[in-house]
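**Q** Once you've had a glance at the structure underneath, I'll fire off some questions.
The values are calculated or read from the model by the stated rules, or taken from the named source; none is laboratory data. Predicted model, so just to flag it, every value in this text is computed and none were measured. We place every Cβ from the backbone using ideal geometry, glycine too, and count neighbours over all the protein chains shown. Note: accessible area is taken over every heavy atom of the protein model, side chains too, but ligands, DNA and RNA are not part of it. Shrake-Rupley method; radii C 1.70, N 1.55, O 1.52, S 1.80 Å.
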Amino acid sequence: MKYVFAIILLIFTTVGCEKKINSNEAKFVKFGYYPPFIQHFEIIANLSDKSLIFYNPSQYLIPPPPPPPKHASDKELDNRRIEHQQFIDDNPKLEPEYLELNEDEIKAIQKIITSFTENDFKEDEKKYPVIDGASTNTVIVLKDNRIYSIGGSEGTNSNKEIELTSKLYSLFKQKSKTRINRQFIQKLEKR
């Protein structure tokens, strides 16, 4: 009888340890937003390192101005040049930023991630994409090295993914120090 009790106790202990090892706590989260016609950006939260990194993963390209009419006047050519320069000035290259996270911010991110269920790691096929063509991607690396990549067309994101990415974006918005990135945030929020 002692041996049966010891085996049952050992099984409970093992199962209990597995639940802790397989918790949804993360060590790394990446959120990418890829809208058409404006710069893409990614936010990486390295929860082990207590850092938040913001950057543009794409090549910075400004489209050339449209060709002028065949018989354009000098004044019209100057106006087009000024308009194009204004477009360039309004869309400067995003600046990479390294920002520190405190314990409370990390706990807030972990709280959202640990509330995910298996279904939250899947794309919601009942939702319809937003028509503008923007897409998202969220990568979550859990402490037990499971990796989830979720996202797709904007508008098909799960509610939990939206909650998580909103938290990451909000932390970046609150902590960003560069003028160019702050202007980009304002422009993005007006869309």
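**Q** So which residues in the range 58-77 are open to solvent by less than 80 Å² (accessible area, probe 1.4 Å) and over 18 Å from Leu188 (Cα atoms)?
**A** We begin by selecting, within the range 58-77, every residue open to solvent by less than 80 Å² (accessible area, probe 1.4 Å); these are 58, 60, 62-63, 65, 68-69, 72-73, 76-77.
Within the range 58-77, Pro63, Pro65, Pro68, Pro69, Ala72, Ser73, Glu76, Leu77 meet the criteria.
**Q** Considering each residue of the range 157-183, count those that are touching a strand residue (DSSP E or B) at 6+ places or on another chain (Cβ under 9 Å), under 18 Å from Tyr34 (Cα atoms) and among the polar types (S, T, N, Q), and give that number.
**A** Residues that pass the stated criteria total 4.
**Q** Do we have Asp120 as assigned to a helix (DSSP H, G or I) and either crowded, with 18+ Cβ neighbours inside 10 Å or modelled with pLDDT under 70 (or both) here? Let's see the steps before the verdict.
**A** On the way: assigned to a helix (DSSP H, G or I): yes; either crowded, with 18+ Cβ neighbours inside 10 Å or modelled with pLDDT under 70 (or both): yes.
Against the criterion (assigned to a helix (DSSP H, G or I) and either crowded, with 18+ Cβ neighbours inside 10 Å or modelled with pLDDT under 70 (or both)), Asp120 qualifies.
**Q** If only one of Tyr55, Tyr33 is modelled with pLDDT of 90 or more, surrounded by fewer than 17 Cβ atoms within 10 Å (Cβ to Cβ) and of a type in the set (Ser, Thr, Tyr), which one is it? Break it down stepwise before answering.
**A** Working: Tyr33 fails: surrounded by fewer than 17 Cβ atoms within 10 Å (Cβ to Cβ).
Answer to the check: Tyr55.
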